[in-house]
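Scroll down for the structure; my scribbles are underneath it.
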Amino acid sequence: MKHSEKPNRLIEEKSPYLLQHAHNPVDWFPWGDEAFQKAGAEDKPIFLSIGYSTCHWCHVMERESFEDEEVADILNKGFISIKVDREERPDIDSVYMAVCQGLTGSGGWPLTVFLTPDRIPFFAGTYYPKHSRYGRPGLIELLNMIREKWETDREQLEGLGKQISNIVEAQLGKSAPGEPGSELLHSCYRTMEKTFDPVYGGFGGAPKFPTPHHLLFLLRYWKRFGEVHALEMVERTLLGMHCGGIFDHIGFGFSRYSTEQKWLVPHFEKMLYDNALLALAYLEAYQATHKEYYASIARAIFAYVLRDMTSPEGGFYTAEDADSEGVEGKFYLWTPQEVKDVLGDEDGEYFCGLYDISEQGNFEEKNIPNLLDQVLKKETSQVGIPLQDERVDGLRRKLFAAREKRVHPFKDDKILTSWNGLMIAALARGAWVLGDEQYSRAAEKAVRFILDHLRSKERRLLARYRDGEAAFPAYLDDYAFLSWGLIELYTATSNPFYLEEALVKAREMQRLFWDEEGGGFFFTAEDDNSHLVRAKESSDMAMPSGNSVAAWVFLQLARFTGDEELDTIAHRQLHAFGGAAAQMPQASTFYLCALDFEMGPPQEIVVAGVKNDSSYQEFLDVLRSKYLPQAIILQNQPGRDGEKLAAIAPAAAGKMPLNGKAAVYICENYACQEPLADPKELAERL
């Protein structure tokens, strides 16, 4: 196996994933008309391989097959080979992943699909070794079989492809309507109770994923129905994840998922979106419980993101790899001697004892630092994790400095609008909840980067930026997630520009993606006819679906503005996917967060006064400390910003300070109360 000295066409691409394959002997094409025209002209099937730069099994398949001359020779002679980065082209990935799941019952990456020159899929799978083993067919055998079928029984393959396409179109192109109500919330809660792990937290067995939107839903369920066990499930899960090896106890940040039930052994890649959503979950748990522990974990996530995942211009990078020096997890593992070499014997013994670093090891004869014994020893209400212990933090910093000298995992430095939207939302929420303006400054800088660099000449939002180039018309997720981030940033900063920009993006989202006939939003814009089908995604996966977040965004903006059209869109959006949520409630938890918000009772809170006034700040401190999932919070300050806000949000108009002092106005369940002039009164009222 070797790299080709002469690069292939992928050398002209910006995607780090495609560039990783630019020296393969495979004659790769990027997705585009050139590849499909060549396939048609030469009467060859398409070999489509989809992955991403930090995907461990994508690396394995590259080493075994795509760097191999024998495999490359078969592909180059019999197929037109296309490489796709799923992160910059989720439109392609979502359609062909649905094909794979429909054919095999499962999916994942690398995703391997065979197509006709007309882009019709007729076979799909995931990882294939070079040769058959352990009951898994080998890529060489598969390629030879497909090529023989293509030459001898083309009609069968094309017929199969049309059947598959019809099924996928029926599944992906339509909504599953139903009128949602509180029974959906109860149904989801009952399902989650059954799959909950009472010892380590989380849901289901191995592999175990964080899925933070499950926890956001359970917090709302606890708040609405007073169900204590819902909060207990949240706390146990947040505790288990942080104590496990899925959290990087030396450098912070969370890995993608755990390969086992107790959160010890992660799949070591770190994704921006996981860390954004987890920060939101820990922040909401902090508001709900007032336990400083949860705030400290949110701060640790932000420390990691601002240190390692932020570009000089302010955008946020995509991911860090699981592998370094070709070995999964190598960067993160320790032996007791390595710890003692840095800390000395006494401190080394102490640190090893605390973080389960032993001679026998807990992962491939080395150690993943973890605090899992804390989960078993303590109830969540009694937990005291040494995140802020001065001695422990000093030792951790020394180990971090030593670890920095190691060969780092690969960093995917492309900037995705959608994932940046999630991190903007998380940082803005962090600024609000924790009262720390460094987080809102970072979120504002990211917004400026997107508005400056990720828009076309026609001001159309774009999906990906890297190495000076922005590309690909934005997808639904880009608009929905960025709009969410802008709404959160308004709350954090009180700058009406962000609320106004969220409205602009929501209107663009409606114009480009809304299905007027069936309700709901398509994943691709109305002027994009390049795909097998215009998909509608309703299920929340590792990230909430664009449709779930769009529902949330339109509900929030309708409440801020009083705009009945926005409210109508939001209700139609919830109705369009009510049937899907009823069938799979646990795959709809962010949708259910939006439903919970719509069910009310609505709460509008206006803080009126001068921002630097001490009582004004005291009012904000009270609001920050409360878990208020039904509330929108407006800050009405005299001057230009106040006038701008009143034009956008009529609820703020006319609500002024009392006798020159800050005041708070609460309208709840469609009735407004007398204004409050004392922060203590507000705390009691809430």
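Bear in mind these aren't lab numbers, they're just calculated from the coordinates by the rules spelled out. Note that this is a predicted model, so its numbers are computed, not measured. Here the Cβ is made from the backbone with ideal geometry for all residues, glycine too, and neighbour counts use every protein chain on show.
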Original post:
Per 5 Å bin, what percent of the C-alpha pairs of the stretch 223-340 does each bin hold, from zero upward?
Top reply: 2, 10, 19, 21, 19, 13, 9, 4, 2, 1, 0
**OP:** Return P(r) of the stretch 485-545 (all Cα-Cα pairs; 5 Å bins starting at 0; whole %; ordered from short to long distances).
**Re:** 4, 17, 18, 18, 19, 14, 8, 3, 1
Original post:
What percent do you get for the relative contact order of the stretch 436-599 when only Cα pairs under 8 Å and 6+ apart count?
Top reply: 17 percent
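Ratio of the stretch 1-127's C-alpha Rg to 2.2 N^0.38 Å, to two decimals? Walk me through the intermediate numbers first.
Details: Rg = 13.4 Å, N = 127, 2.2 N^0.38 = 13.9 Å.
Relative to the 2.2 N^0.38 Å estimate, the stretch 1-127 comes out at 0.96.
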Subject >> Too-long pairs where the Cα-Cα distance tops 30 Å, listed order kept, from K366/K398; K14/K130; K377/K405 >> reply: K377/K405
Subject >> Given charges at beta-carbon only (K, R positive; D, E negative), |dipole| of the chain in Debye >> reply: 560 debye
Subject >> Karplus-derived HN-Hα couplings along the stretch 324-334 (A = 6.51, B = -1.76, C = 1.60, θ = phi - 60°), whole Hz, x at Gly and Pro >> reply: 9, 6, x, 10, 5, x, 4, 4, 9, 9, 9
Subject >> Simple spin-label estimate for D641 and R133 in nanometres, 7 Å along Cα-Cβ >> reply: 6.2 nm
**OP:** Could you please state, rounded to a whole Å, how far the C-alpha centre of the stretch 423-474 is from the C-alpha centre of the stretch 244-293?
**Re:** 23 Å
**OP:** For the stretch 544-614 and the stretch 46-65, write down the distance between their C-alpha centroids in whole Å.
**Re:** 38 Å
**OP:** Please give every one of the aspartates and glutamates within straight-line cross-link reach of K414, meaning a C-alpha to C-alpha distance under 14 Å, and leave out same-chain neighbours fewer than 8 residues apart.
**Re:** E13, D85, E87, E88, D308, E313, E320, D321, D467, E469
Subject >> Out-of-range pairs (alpha-carbon distance over 18 Å; input K208/K291; K77/K149; K330/K411; K44/K149; K611/K644; K505/K626) >> reply: K208/K291; K505/K626
Subject >> Nearby aspartates and glutamates by direct alpha-carbon distance to K162 (threshold 13 angstrom, same-chain neighbours under 8 apart not counted) >> reply: D118
Original post:
Relative contact order, percent, of the chain when contacts are C-alpha pairs under 8 Å separated by at least 6 residues?
Top reply: 12 percent
**OP:** Spit out the partnerless Cys residues in the chain, using Cβ distances under 4.7 Å as the pairing rule.
**Re:** C100, C188, C243, C352, C593
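Per residue of the chain, what 222 nm ellipticity follows from adding -39500 (n - 2.57) for every DSSP H run with n ≥ 4, rounded to the nearest 500?
Numbers: 27 runs with 341 residues, N = 686.
Dividing the helical sum by the residues of the chain leaves -15500 deg cm²/dmol.
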Subject >> Neighbourhood charge, 13 Å Cβ-Cβ cut-off, centred on D477 and excluding it, Lys, Arg +1 and Asp, Glu -1 >> reply: -2
Subject >> Sequence-separation-based contact order of the stretch 603-685, relative, with Cα cut under 8 Å and 6+ spacing, percent >> reply: 40 percent
